Structures are given as structure tokens and as C-alpha cells.
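Values in this text are rule-based calculations from the coordinates and carry no lab data. Since the model is a prediction, treat every value here as computed from it, not as a measurement. Here the Cβ positions follow ideal geometry from the backbone for every residue, glycine too, while neighbour counts run over all protein chains shown.
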Amino acid sequence: MPSIEQRIADELAAKKEQVLAAVEMMDGGATVPFIARYRKEATGGLTDTQLRALEERLSYLRELEERRATILKTIQEQNQLTPELEQSILSAETRARLEDLYLPYKP
């Protein structure tokens, strides 16, 4: 499974290095307007629209990964995690799909 940054780069048709630079600045507290206006060279010229899409997708994918980890841990603690279920959870692309897989195992 590709990294979050690689997935975003593929979706935005950008280079991974551009995405990594933008993510690093956002994690450091820089806002999209600041990056778009004053750090355009660091992101390889990502537009304001691309940066906003990147910010939204980054937040979604990070939340998805956190939820995935929680679900795997919970099912593992119930001793019901099979290799097939684990693979299905790891390959789920959306929060809705994750929740559908988790539904039978909710405490």
C-alpha cells in the first residue's frame, strides 16, 4: 500500500517531493494561503487549489489510518482477526468500507 503522501501525489498528478514539502510546512503550522503565496518554490509550484485539495485529503487519510489501527487493535483483542479480514481492513479505501468491515465486531 503506498504512503499517504504518494497517494495524494498520484491523485493530484504531482511529484511526491512536492507533496512532502507541502505536508511538512502544513505540519509546521503554515496555512494554505501562506504556502501558495510565499513558499510556491518549495512546493514546486503547487497551486492554491491543489494545496487545498492536498490539505483536505491529508486530513482524511490520516483519520482513516488512525481508525484502521483502532479497528485492527479492537478485533485483535477479541481474538477474531483472521488474515483475510486483516487484509480487507488494510486495503479499505474509505471510512465507510472500514466501518462496514468492523460492524460485526463492534463491542
For L54, L90, L20, what's the fewest-to-most ordering of other Cβ within 10 Å of each Cβ?
L90, L20, L54
Scoring the chain by relative contact order with C-alpha pairs under 8 Å, at least six apart, yields a percentage of 22
Enumerate the lysines that K106 could reach by cross-link, defined here as Cα to Cα under 17 Å, with residues fewer than 8 away along the same chain left out.
K73
How much length would be gained if the chain were fully extended between E77 and L90, taking 0.36 nm per residue of separation minus their Cα-Cα distance, in nm to one decimal?
3.0 nm
If r is the Cβ-Cβ distance from A53 to R97 and R0 is 22 Å, what FRET efficiency results, to the nearest 0.05?
0.55
For the chain, what does -39500 (n - 2.57) per DSSP helix run (n ≥ 4), summed and divided by total residues, give at 222 nm, in deg cm²/dmol to the nearest 500?
-22000 deg cm²/dmol
Rounded to whole Hz and in sequence order, give me ³J(HN,Hα) for the range 79-95 from the Karplus expression 6.51 cos²θ - 1.76 cosθ + 1.60, θ = phi - 60°, writing x for Gly and Pro.
6, 10, 7, 9, x, 5, 5, 4, 5, 5, 5, 5, 9, 5, 9, 10, 5
Eigenvalues of the Cα gyration tensor times 5, then square-rooted: what semi-axes does that give for the range 4-105, in whole angstrom, largest first?
34, 12, 10
